[in-house]
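This report refers to the structure that appears directly beneath it.
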DNA sequence: GCTAGGATGCTCT
DNA sequence: GAGCATCCTAGCC
């Protein structure tokens, strides 16, 4: 059993939170069963000074949870196919979020395999869409409070003494170094020392 | 092993 | 009506 991170943790700069989430555990206690995984990759997003952010053009119906209480989940659909899971960051009222990009599966691995339809553990959650599907996250989770069960990130850090690699974010035309991942971890979503892509 | 391209639906212009 | 914070399959080395 893990202890959820408090709201204060999320009420900080996105890049700090993203880096600080590495090595902690994302937990989802669903009706189907419990799944969890170690966070090995995350990206930081900001607001109106960040062209890659959904909040770049101000508040809309879709992105309004980014302006709300930190520590809540921001889930949205990409390409009509994939759900992406973010955690809202920054002090309340200032838009910001951290996109969870990859997990190393920990508990409920069989349930993840069933939800994903693949058996290779390296492919279960190595990518934001895959992660959401393996964890059973969908649009119903948009706006839920992640400082308590059933969906939360642990205060405990399971990975210790790892190196953090910083790169530009993936799939966006913005070269700022806002992507963070665990060096050498096989479950990171892209090669250069990470998991296979397909 | 690798790469290219299609799927698919909602938001904002 | 375009453009995505992506994933998977087929087809080719």
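Any read-out appearing in this document is the output of simple, stated calculations on the displayed coordinates, not a laboratory observation. Just so you know, these numbers come straight off a predicted model, no measurement behind them.
Things worth noting here:
- Viscosity 1.002 mPa s, temperature 20 °C, Stokes-Einstein D of segment A:95-198 from Kirkwood C-alpha radius, µm²/s: 143 µm²/s
- With the alpha-carbon atoms of segment A:1-116 aligned to their principal axes, the span from lowest to highest coordinate is 41, 33, 23 Å, starting with the largest.
- Note on chain A: with a GNM built from Cα contacts shorter than 10 Å, the maximum mean-square fluctuation among A:131, A:34, A:77 falls on A:77.
- Considering only alpha-carbon pairs that sit under 8 angstrom and 6 or more positions apart, the relative contact order computed for segment A:82-198 is 21 percent.
- Of all the options A:85, A:26, A:139, the one that moves most in a Gaussian network model of chain A with Cα springs shorter than 10 angstrom is A:139.
- Three-way shape label, chain A, alpha-carbon gyration tensor, a/c 1.5: rounded
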